[in-house]
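Quick one: this structure, given as structure tokens, is what I'll be asking you about.
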Amino acid sequence: MIELTGVHKSFGTLEVLRGIDLTVESGTVTVILGPSGSGKSTLLRSINHLEKIDRGRVRVDGELIGYRQAGDKLHELGERQILKQRAKIGFVFQNFNLFPHLTALENVAEAPISALRKNKSETYERARALLGRVGLADKADVYPRQLSGGQQQRVAIARALALEPRLILFDEPTSALDPELVGEVLDVLRDLAAAGTTMIVVTHEIGFAREAADTVIFMDEGRIVEQGPPARVLDNPRHDRTRTFLSKVLS
Amino acid sequence: MPARHPWRWAGTALVLILLAQFAHGLATNPGWDWSTFTGYFFEKSVLQALLLTVELTLAGAVLGFLGGIPLAAMRLSRNPVLAAVSWTYIWVFRSVPLIVQLLFWANLGYLYDKLQVGIPFGPGWSFSTSSLVSAFGAALLGLSLHEAAFAGEIIRSGLLSVDQGQHEAAAALGLPRRRQFLRIVLPQAMRAILPNAANLLVNLLKSTSIVYVLAIGELFYQVQVVYGRNGRVVPLLMVATVWYVVLTALLSILQYYVERHFARGAVRTLPPTPFQRLKAAIRR
């Protein structure tokens, strides 16, 4: 279970997150929608402490992320502990961020070997299986630049899965892709959702939200404007801002 | 019917004529004195001097880059004191001409006649400076300190050229800090570091000729000694020149293969090496 309470974040004078309270149950899919600049990505990045929050708490399975509480004071954790926490949380970037000098297989196997100190040959075997799971069994020894955008993003998803994370965060996973490649990545996301992976997905793919999400969240100006099951939020939005946004996205 | 390019032909002809004229001059002008050149090219004292040049270059490069790594790390660190110290070092050692610096180190004894090792402001052991810093030591010290300033900047520029997304991805995967640097960032930085580092190395090779001011028997000093004796300036300068050209050629070949190694994944397919191209041409 992921719990955010009173999360605030500013960049200089710009307040990007203005008090976020959110609970995500394990095994569910949460889709975050909202106009650009609404704080979606920042929210996602604060869950694995890629972004340091100014106030509030982030807990994953009860464990405070990025901080240690002593009394009512928070102390930021050392880098080593933060890295350990991150290894339990998968993150998939908009621009894939695969390591270009490593093959697809090496990309997937890197973190289990060096962050979790897993056995090398077993990890490579598992990495091959993961590449198979995202439909890229034949691309194991290929470098990222030799792959299409959709294939690169699928390798990136396999790379996140390799850590056997408690949850996976997706930051606009299809926004950098050519339209005809979006489907293959969404198919992988649907498979993961069906397998009970805990996922939080920032996206503009309303169709995906409708069929795969358990909860849809609409954010604007650093706040959660409304949340609920997709049928309610997407088809019967209560707030004007949600309605305006959806009419723009769906038109 | 392909387009005609008459000016291309004219330009080619002009260049070929000039080249032929130059080659003719090289062969017929007695001033070049090729018999003296060949007599000294493999002469023992010249080869010994060449060896010293190579030693100075390699030692200077190794020490320079070993110094450059912490300088780059310090300038990139969030610690303002470390960053400022590194900035100042690079500023000073890039500003002072190498020849001035060499003379400075050689005359260190004039400034401090004893050097002391020990606890700051406490007891220690002292040595006479001139016994500690020989001419060779001064040359190596000067070259290394000078190289370190440039190497530090080259390494820093390479590290900065790595996309921020790579740092984020490595951090998000929870890779240990050392591993992030050695496995993810450095190999990618090498692509930007290598061509500049090779430039620096070639420059260093030639800069070793400046240490002649300390009367060290490297290549340039040695040919000066010889032509001081026999007065054949041009052929002996050519001996040194050709050796510098040969060494630079060897470095360039090494550079080509090292750069190729680090190009993995950066281009879709690596172009064939000249050697592979030659083999393919012969087979055809």
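The values are calculated or read from the model by the stated rules, or taken from the named source; none is laboratory data. This one's a predicted model, so the numbers in the text were calculated from it and none came from an experiment. All Cβ positions, glycine included, derive from the backbone under ideal geometry; neighbour counts span all protein chains shown. Please note that ligands, DNA and RNA were not included when accessible areas were found on the heavy atoms of the full protein model with its side chains. Shrake-Rupley method; radii C 1.70, N 1.55, O 1.52, S 1.80 Å.
When the residues of segment A:69-125 are filtered to those that are acidic (Asp, Glu) and under 29 Å from residue B:262 (Cβ atoms), which remaining residue is surrounded by the most Cβ atoms within 10 Å (Cβ to Cβ)?
Looking only at segment A:69-125, we keep the residues that are acidic (Asp, Glu), and these are A:72, A:76, A:79, A:106, A:110, A:122, A:125.
Add one more test, that the residue is under 29 Å from residue B:262 (Cβ atoms), and what stays is A:79, A:106, A:110, A:125.
Numbers: A:79: 11, A:106: 19, A:110: 23, A:125: 12.
Residue satisfying both the conditions and the ranking: A:110.
Would you mind telling me which numbered condition in (1) closer than 30 Å to residue A:52 by Cβ; (2) more than 14 Å from every other protein chain (Cβ to nearest Cβ); (3) of a type outside the set (D, E, K, R) residue B:149 fails?
Of the numbered conditions (1) closer than 30 Å to residue A:52 by Cβ; (2) more than 14 Å from every other protein chain (Cβ to nearest Cβ); (3) of a type outside the set (D, E, K, R), the odd one out for residue B:149 is (1).
May I pose another question? If residue A:95 satisfies every condition in (1) at the interface with another protein chain (Cβ under 9 Å from one of its Cβ atoms); (2) touching a Phe, Trp or Tyr at 6+ places or on another chain (Cβ under 9 Å); (3) part of a loop (DSSP other than H, G, I, E, B) but one, which is the exception?
Only one criterion is unmet by residue A:95, namely (2).
Right, here's the next one. Scan A:142, A:182 and give me the residue that is assigned to a loop (DSSP other than H, G, I, E, B), open to solvent by 10 Å² or more (accessible area, probe 1.4 Å) and among the β-branched types (Val, Ile, Thr).
Values: A:182 fails: assigned to a loop (DSSP other than H, G, I, E, B).
Just a single option satisfies the conditions, and that option is A:142.
For residue A:89, indicate whether it is under 20 Å from residue A:172 (Cα atoms), within 14 Å of chain B (Cβ to nearest Cβ) and in contact with a Leu (Cβ under 7 Å, 6 or more places away or on another chain). Explain how you work it out, then say what you get.
Working: under 20 Å from residue A:172 (Cα atoms): yes; within 14 Å of chain B (Cβ to nearest Cβ): yes; in contact with a Leu (Cβ under 7 Å, 6 or more places away or on another chain): yes.
Yes: the conditions hold for residue A:89.
Got a number for residues in segment A:117-139 being touching a residue at least 12 places away in the same chain (Cβ under 8 Å), part of a loop (DSSP other than H, G, I, E, B) and not small (Gly, Ala, Ser)?
Looking only at segment A:117-139, we keep the residues that are touching a residue at least 12 places away in the same chain (Cβ under 8 Å), and these are A:123-124, A:126-128, A:130-131, A:133-136, A:139.
If we keep only those that are part of a loop (DSSP other than H, G, I, E, B) as well, we get A:134-136.
Okay, now just the ones that are also not small (Gly, Ala, Ser), so A:134, A:136.
Qualifying residue count for the region: 2.
Given the criterion aliphatic (A, V, I, L, M), more than 10 Å from every other protein chain (Cβ to nearest Cβ), touching a residue at least 12 places away in the same chain (Cβ under 8 Å) and in a loop (DSSP other than H, G, I, E, B), identify the matching residue among B:216, B:210. Reasoning before the result, please.
On the way: B:210 fails: in a loop (DSSP other than H, G, I, E, B).
On inspection, the qualifying residue turns out to be B:216.
Is it fair to say residue A:52 is in a loop (DSSP other than H, G, I, E, B) and open to solvent by 70 Å² or more (accessible area, probe 1.4 Å)? Even if it seems obvious, please write down each step before you answer.
Values: in a loop (DSSP other than H, G, I, E, B): yes; open to solvent by 70 Å² or more (accessible area, probe 1.4 Å): yes.
Here the answer is yes, as residue A:52 does meet what is asked.
Can you tell me which residue within segment B:154-190, out of those that are open to solvent by 30 Å² or more (accessible area, probe 1.4 Å) and away from every other protein chain (no Cβ under 14 Å), is farthest from residue A:81 (Cα to Cα)? Spell out the reasoning first.
Of the residues in segment B:154-190, the ones open to solvent by 30 Å² or more (accessible area, probe 1.4 Å) are B:156-157, B:160-161, B:163-164, B:167-168, B:176-179, B:181-183, B:186, B:188, B:190.
Keeping just the survivors that are away from every other protein chain (no Cβ under 14 Å) gives B:156-157, B:160.
Working: B:156: 28, B:157: 30, B:160: 26 Å.
Restricting to residues being open to solvent by 30 Å² or more (accessible area, probe 1.4 Å) and away from every other protein chain (no Cβ under 14 Å), the top hit is B:157.
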